[in-house]
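Report on the structure given below.
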Amino acid sequence: MTIQFSSKIFPQASLQSPKLLKATLKNLLSQSTDCLVLAYSKTDFDGFAGSKTAKSKVGFFGELDQLLGGSVSHANVVGDLEHQQAAVCMLRSEKSWLTNGIKAKRILLLSLGDMHLANGCSLASYAKVARAGLKALGGNSIENALWFVPSFVLDEKTDLIAEEVRLTIQYAGDQAYRFGVRQPAMKFKAKDKADTFKHLIFAGNDACAKELKLAVEQGMAMVEGMNLAKDLGNLPPNVCNPTYLAKTAQSLTKKTSLKVEVLGLKQIQALGMGSFLSVAQGSATPPQFIVMRHQGGKAGEAPIVLVGKGITFDTGGISLKPGEAMDEMKYDMCGAASVIGALYSSALMKLKKNVIGVIPTCENMPSGQATRPGDIVKSMSGQTIEILNTDAEGRLILCDALTYVERFKPKAVIDVATLTGACIIALGHVHSGLFSDDEGLVSALTKAGHTSLDTVWRLPLDTAYHEQLKSNFADVANIGGRPAGSVTAACFLSRFTEKYKWAHLDIAGTAWKSGAAKGSTGRPVPLLVNFLLEQ
Ligand code: BES
Ligand code: MN
Ligand code: ZN
């Protein structure tokens, strides 16, 4: 998919004067495109639909109707035109359009509802509208579209417009994603039929051209990162094992300025990562420890470190999981996938910050060599851990990675993990769980969630919950019982993060979808990328 921004369609000044409105519409309609997407507000619609005579039809719709020789009035008479938010109406080219010099083959009227009125608009309503518009473009024979939202040329709030542009691209990427087109290892079934829709052009004016061109580049870079994260999540566990994750990370150094280092078993042993190794030891596939660097900031500048859980398959180990839907535990590396995706996006958009991605990755398998419930292991931090349930393995691999990252003297550390089933019970599939004692990080991540609509909800991390992790035989136990399972998991991790600002994201409910729509969502790549952009 190619996405562009064009400012050549508009005169310099704003749309508010009727003369310029007409000129702008004329310019838009004379562009050759398979579909011109025109967003309108409730006021545009009300003024138009309420007026009886053709002559009294003024404003946006009035002008448009004249230029289109009555196509809009006709759609209204038929009952195709609606005012409620996200309603769509597709007009198709007629003879009269051609004689009027209209080159657009179709016009998609897209209702913003009362969004762009005095109170300004919320990104969430825009998102709903954008999704409806994109859906109407897909599944047709439309290859390219010109996307015009009046606020793109009217509003002064360039930041908001940039967010809208990025979000449109994010959704276009979601809609266009197909499993089996990028990675060589994915030829398992005949390719899904791809949409014909391939090119999207945003129409705006010179005033915001610079910002919006940048937003388009950022949006496209984010989609690349999301696509990679989805591919990795969707790949079967016999292909996407720790070595595959490491190779994928390494392959990105050929496409970008990313630097990647991979530590193998011997090096992991030498570092004293006894906790990580206790999970890996049951598997015939060796563990890997991946370190990715994006050096976009100054040399000495403290990095933001992202740590991703990379369990490429979670059987539960000796504390074996029940068989139902166990295949979905191939998604237990989605934290890792989103970190790889976010680093890839950062590099593609040449983000002016230092970002480091760290991924401990292995399988959690039962075998004669596997860790037993009751085993005590020593973490890299020196703390001993009594493993009471081998299915609480995510925290065991993450804690050593969290100790490892101290060496980077990070500005902040965010770990991302499909950590607990309890988080799905608490928050469902809407928000990712956010745990942090740092108010700055909490508000930055919450805000980034809103701008990307990849949202988080804060859960507690009080000392009272630490009680549940007490062990009679070691410094800490790896489980805290059923009550507040996500919180005690986060509390466990917090014991290894004393040296820096830290936040934990539990993405068990948000990283993939089950059922008929089974598949990776690419979350929380948008959240992480927006967080990095807004830092
Ligand atoms: N990977 C799972 C968490 C998970 C479960 C994510 C279901 C998505 C769907 C994790 O390793 C795990 O098994 N956690 C246990 C912890 C328990 C043993 C304390 C859980 O959630 O049951
Ligand atoms: Mn588990
Ligand atoms: Zn797991």
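The values are calculated or read from the model by the stated rules, or taken from the named source; none is laboratory data. For clarity, every value in this text was computed on a predicted model and none was experimentally measured. Note: ideal-geometry Cβ built from the backbone for every residue, glycine included; neighbour counts use all protein chains shown. Remember, those area values only see protein heavy atoms, side chains included, never the ligands or the DNA or RNA. Shrake-Rupley method; radii C 1.70, N 1.55, O 1.52, S 1.80 Å.
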May I ask for the distance between the Cα centers of region 416-443 and region 257-331, given as a whole number of Å? 20
Does region 235-534 come out rounded, prolate or oblate by the C-alpha gyration tensor, with a ≥ b ≥ c the root eigenvalues, rounded set by a/c under 1.5 and, if not, prolate when a/b is larger than b/c and oblate if not? rounded
Enumerate the whole-percent occupancy of each 5 Å bin, from 0 to the last occupied one, for all C-alpha pair distances of region 351-435. 3, 11, 18, 19, 19, 16, 10, 3, 1, 0
Can you give the relative contact order of the chain as a percent, counting alpha carbon pairs under 8 Å and 6+ residues apart? 13
Sorted by mean Cβ packing within 10 Å, highest first, what order do the peptides 408-418, 437-447 take? 408-418, 437-447
Leaving out ligands and nucleic acids, and using a 1.4 Å probe, what accessible area per residue does the chain come to in Å²? 41
Counting only protein heavy atoms, what percent of the accessible surface of region 235-534 is carbon or sulfur at a 1.4 Å probe? 55
Could you state the principal axis extents of the C-alpha atoms in region 312-461, from the largest down, to the nearest angstrom? 48, 36, 32
Run a plain Debye calculation on the chain (Cα atoms as equal point scatterers, no solvent) and give log10 I(q)/I(0) at q = 0.11 Å⁻¹, rounded to two decimals, same order as the q list. -0.92
Pick out the long, greasy-scoring helices in the chain: whole DSSP H runs spanning 18 Å or more along their own axis by Cα, mean Kyte-Doolittle at least 1.0. 334-348
Residues of region 235-260 with amide N under 15 Å of a point placed 7 Å along Cα→Cβ from A185: 235-252
Mean Cβ neighbour count within 10 Å, used as a protection proxy, ranking 335-341, 37-43, 347-353 highest first: 335-341, 37-43, 347-353
Debye log10 I(q)/I(0) at q = 0.10, 0.14 Å⁻¹ for region 191-294, Cα point scatterers: -0.48, -0.77
Assign one of three labels to region 314-387, namely rounded, prolate or oblate, based on the Cα gyration tensor with a ≥ b ≥ c the square roots of its eigenvalues; rounded applies when a/c is under 1.5, prolate when it is not and a/b is larger than b/c, and oblate otherwise. oblate
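Once you order the gyration tensor axes a ≥ b ≥ c over the Cα atoms, which shape class does region 457-535 get: rounded for a/c under 1.5, otherwise prolate or oblate by comparing a/b with b/c?
Cα axes put region 457-535 in the oblate bin.
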Given that compact globular proteins tend to follow 2.2 N^0.38 Å, what is the ratio of the alpha-carbon Rg of region 75-185 to that value? 1.23
Under 4 °C and 1.567 mPa s, how fast does region 386-483 diffuse according to Stokes-Einstein, given a Kirkwood radius computed over C-alpha pairs? Answer in µm²/s, whole number. 85
Highest-first arrangement of 306-319, 367-380, where packing means the average Cβ count within 10 Å: 306-319, 367-380
What number, in percent, do you get for the relative contact order of region 373-483 if the mean sequence gap of Cα pairs under 8 Å and at least 6 apart is divided by its residue count? 32
Probe radius 1.4 Å, ligands and nucleic acids left out: which of E143, E386 has the largest accessible area, and how do the rest follow? E143, E386
Test of the criteria: in region 473-523, which chymotrypsin sites (Phe, Trp or Tyr not before Pro) are in a DSSP loop and have at most 11 other Cβ atoms within 10 angstrom of their Cβ? F473
The chain, helix-only ellipticity at 222 nm - DSSP H runs n ≥ 4, -39,500 (n - 2.57), divided by all residues, nearest 500: -11500 deg cm²/dmol
Which entries of K157/K255; K247/K499; K8/K255; K135/K198 have Cα-Cα distances beyond 24 Å here? K157/K255; K247/K499; K8/K255
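Expressed in whole Å with the largest first, what are the equivalent ellipsoid semi-axes of region 433-496 derived from the C-alpha gyration tensor as the square root of 5 times each eigenvalue?
Equivalent ellipsoid semi-axes, largest first: 28, 11, 8 Å.
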Hey, could you grab the Kirkwood Rh for region 254-385? Inverse mean 1/r over distinct alpha carbon pairs, Å, one decimal. 16.1
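Would you kindly state how much longer the chain becomes between E324 and A270 on full extension, computed as 0.36 nm times their sequence separation minus their alpha carbon distance, in nm to one decimal?
Residue separation times 0.36 nm, minus the Cα-Cα distance, leaves 15.6 nm.
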